[in-house]
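Contents: one structure, followed by commentary.
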Amino acid sequence: MIDRWFPCLAVDDAVGTPAGSGRSEKAIFTWFASRPIAQARAAVLASLLSDSHANRELVDKAIREGGSRNIEALAETLRSQTPAGRPLRLVDTFSGRGMIPLEAARLGIAAVGIDYSPLATLAGRLLADYPFRDWSAEPTLPYEAAEQRLDTGEPRLLRDVEVLQKEVGDRVRRRLATFYPVGPNGQHPWAYLWALTLPCEGCKNRFLGSLVLRHPYRRTHDPGQSLRLIKHDDMWETEVVDGAPTKSPPSLPAPKAQRSRAACSVTRPSA
C-alpha cells in the first residue's frame, strides 16, 4: 500500500503543521518515541486498511486535514470491513508514550501499547487510556478551585487536571514569593535578573563577580548581553546592554595583608 499509493508526502506536510504535529501530546513527556500525530495515524491506517481506491480520499483527508468528521469516516470504513464479532485490535510493541495507540483509539480500535520503560508506559496511559475513561464518579478534589468549577460542563478529567495545576501553581507562588517579589505596582516583573556576587571580607558588602549575562555566540551572530554599572553618588544601579562588558566588575580588596575597610571603593547597591 505504501509503495503504490499511500500519501507519504501528505504525512510529511501534516507533520509540519500545528494541527498534525502532535506538539500538545508530545508536551506530556518529551523524550519517548516522539512521533507526530499524522505519522502515528499513518502507521495505524497502513496496518489496518485494505488496499482499495475507495480508501484513498479518506486517508488523504484524515492525514492532511484531521478533524472529527474525517476521523469518523475512517472509523466507519474500518468497522464495515471487519467481520462481525471480531473487533479490530492493534499492538504497538515499542509504543513509547502511546501515540500510535492513541490514534488507534480515536478510530475505535482496541489498542495495546508495550514499552520496556515504566515511565513510558505511564505516559501512554495518561495519553491514550485515561482520557477515554469515565471519571464522573470520582470524589471531588479537596481544593477550593474544585468547588468553584463543579458546574462548568467540562469533562471531569480535564476539569480536575486544571484544578490540580492551579493548586500546584498557587503553592509554588506562595513558597517562592520571597525570591520573586512583585514590583511597586503590585505585579510580577516580566523577568528577574540573577547575578553572581562575591563577598568582601573587609566591608562585608557583596559585589558583582561578573558583568556577563550571556556570552557572545559567533555562529548565530549573537552579541550576547551584559550589565552596565551606573553609579549615583553613594549608590549604583545596573542596566542590561547588548554585547560584552566594556568595564570590569568592581574589584575585591587587595591581598589579606593590604585589606581594610577603606580598600573598597564601591558602595552597597541600591534597592
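Sorted ascending by nearby beta carbons within 10 Å, beginning with the fewest, ILE100, ILE109 become ILE109, ILE100. Available extension along the chain between SER80 and LEU119 is 10.4 nm, counting 0.36 nm per residue and deducting the alpha carbon span.
Pairs of Cα atoms under 8 Å, at least six residues apart: use those to get the relative contact order of the chain, whole percent.
10 percent
A full extension of the chain between THR220 and ARG175 corresponds to an added length of 12.4 nm, given 0.36 nm per residue minus the alpha carbon distance. Summary value for segment 8-132: 24 percent relative contact order, contacts being C-alpha pairs under 8 angstrom separated by 6+ residues. Residue order for VAL161, VAL15, VAL44, fewest other beta carbons within 10 angstrom first, comes to VAL161, VAL15, VAL44. Taking the longest Cα principal axis of the chain as reference, the axis of helix 68-80 is set at about 40 degrees. Between ASP3 and LYS231, the simple label model (points 7 Å from Cα in the Cβ direction) yields a spacing of 7.9 nm. Between VAL182 and ALA110, the contour length at 0.36 nm per residue exceeds the alpha carbon distance by 20.8 nm. Taking the C-alpha atoms only, the angle from helix 54-64 to the longest principal axis of the chain is near 10 degrees.
Pairing the Cα long axis of helix 37-48 with the longest principal axis of the chain, what angle in degrees results, from 0 to 90 and rounded to the nearest 10? Tilt of helix 37-48: around 20 degrees. By the Stokes-Einstein formula, at 0.692 mPa s and 37 °C, the chain with its Kirkwood radius over alpha-carbon pairs has D equal to 134 µm²/s.
In plain terms, the residue of SER226, SER50, SER95, SER21 with the fewest other Cβ atoms within 10 Å comes first and the most crowded comes last, giving SER50, SER21, SER226, SER95. In terms of overall dimensions, the C-alpha atoms belonging to segment 8-132 reach 40, 36, 21 Å along their principal axes, ordered largest to smallest.
Sort segment 69-146 into rounded, prolate or oblate with this rule: let a ≥ b ≥ c be the square roots of the eigenvalues of the Cα gyration tensor; rounded if a/c is under 1.5, and if a/c is not under 1.5, prolate when a/b is larger than b/c, oblate otherwise.
Details: a/c = 2.58, a/b = 1.46, b/c = 1.77.
Oblate, since a/c reaches 1.5 and b/c is not below a/b.
Annotation: amide H of THR197 within the under-5 Å range of GLY209, sequence separation 5 or more or interchain, hydrogens built in the peptide plane. Each Cα pair under 8 Å and six or more residues apart adds its separation to the average, and for segment 57-205 the resulting relative contact order is 13 percent.
The label-point distance for ASP51 and GLU239, in a model that sets each label 7 Å from Cα toward Cβ, rounds to 7.1 nm.
None of the figures in this text is laboratory data; all of them are computed from the coordinates on show. Keep in mind that what you see is a predicted model, and the values were worked out from it rather than measured. Cβ: placed from backbone, ideal geometry, glycine included. Neighbour counts: every protein chain shown.
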